[in-house]
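Read through the structure below, which is laid out as structure tokens, and then see the notes.
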Amino acid sequence: MKFAIIEFPGSNCDHDAYHAVRHVLGQQADFIWHKDTDLRGADTVVLPGGFSYGDYLRTGAIASFSPVMDKVREFAAAGGPVIGICNGFQILLEAGLLDGALLRNRRLKFLCQDVHVRVEATDTPFTASAELGQVLKLPIAHREGNYHVVPERLADLEANRQVIFRYCDSAGLTSDSVNPNGSVGSIAGICNLRRNVVGLMPHPERACESLLGSDDGRVVFESAVAALVA
Amino acid sequence: MFVTLKPSVFDPQGQTILDALSSLGYESVRDVRQGKFFELDVVADSAQEAMTISTEIADKLLANTVIEGYRVEVDAKREEGD
């Protein structure tokens, strides 16, 4: 399994992603610079977290126009699995590969804390090895994580089961008090209609080793590996 | 170009400013919405052309039309040699 980890100027969770897939899971991984237009035969594409272009204009806005994104679009259009983590999720939204937008956290503060999310669907390449309803403890580190979509589109997303992760408590129950950023429907991550592109705000790549506080994030990458073999 | 959040989108920054104004005693201010202002220096053959280019730029980059609306004002100026 070969992962392509896209690096934009300002990406800073690229090495965490690399460590997770290469050293923890023992898979092949390449860094792909945002100006490259060759994904080098990758099986899975990762858009990592960080502050691409310093979040200038809007987070992920400028990165969505990078040359590599044409290749990522092609890859996704052909059904290839793509995961966008945090800033990567923002980039996928700005690029139109996922629906909706991310607003400033409702209490305006940058949040750096652990959260729990519930797996809402297991028929994506990044949740296939998880259990429906499984609760994952993952860290978040964001200021613009407040997922927003108009009510009609939200109804579509829910009806199509495109909500993949939802903020919850350790027992898997959702409530406004455990929604860290005010995102609509307590949504932490979604997928596209075709279910091959997933975006989420929490960082599974930072939760692959219990030494670092949680290894609940492993299942996201293990799913990708298993999905290819299947 | 003025870019603002759509009315349906909650604006926590605007809300915070409103609260601050209230603390300062400006009870007559009912609401505050925070947006962005861009000044584009565009070379074009007409104000209409400048408007077209600016609108394209707004839709493509400067505004996220999922959550933002925009308004363009063109201030046309003739330059030397026109």
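The values are calculated or read from the model by the stated rules, or taken from the named source; none is laboratory data. As the structure is a computational prediction, the values presented were derived from the model and not from experiment. All Cβ positions, even for glycine, are placed from backbone atoms using ideal geometry, and neighbour counts span all protein chains on display.
Data table
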{"quantity": "Selection count where residues are part of a helix (DSSP H, G or I) and either touching a residue at least 40 places away in the same chain (Cβ under 8 Å) or among the β-branched types (V, I, T) (or both), scope the range A:189-210", "calculated": "3"}
{"quantity": "Filter result for A:R104 (basic (K, R) and surrounded by fewer than 16 Cβ atoms within 10 Å (Cβ to Cβ))", "calculated": "no"}
{"quantity": "Residue within the range B:58-74 that is over 30 Å from A:V149 (Cα atoms) and either of a type in the set (K, R) or more than 12 Å from the chain's Cα centre (by Cα) (or both) present", "calculated": "yes"}
{"quantity": "The range B:40-82 - residue that is free of Cβ contacts under 8 Å to residues at least 24 places away in the same chain, away from every other protein chain (no Cβ under 13 Å) and under 26 Å from A:Q90 (Cβ atoms) and, of those, surrounded by the most Cβ atoms within 10 Å (Cβ to Cβ)", "calculated": "B:T55"}
{"quantity": "Residue, surrounded by the most Cβ atoms within 10 Å (Cβ to Cβ), within the range A:166-188, restricted to residues that are out of contact with any helix residue (DSSP H, G or I) (no Cβ under 7 Å at 6 or more places or on another chain) and in a strand (DSSP E or B)", "calculated": "A:A188"}
{"quantity": "All strands (runs of 3 or more DSSP E) inside the range A:63-165 with 2 or more residues being closer than 19 Å to A:S183 by Cα and more than 12 Å from chain B (Cβ to nearest Cβ)", "calculated": "A:82-85, A:111-119, A:135-142"}
{"quantity": "Subset of the range B:1-39 (residues that are away from chain A (no Cβ under 14 Å) and in contact (Cβ under 8 Å) with a residue 60 or more places away in the chain)", "calculated": "B:F2"}
{"quantity": "Residue match in the range A:59-72 (condition: within 26 Å of A:P139 (Cα to Cα), surrounded by fewer than 21 Cβ atoms within 10 Å (Cβ to Cβ), at pLDDT 95 or above and charged (D, E, K, R))", "calculated": "no"}
{"quantity": "Count of the range A:44-62 residues which are of a type in the set (S, T, N, Q) and part of a loop (DSSP other than H, G, I, E, B)", "calculated": "1"}
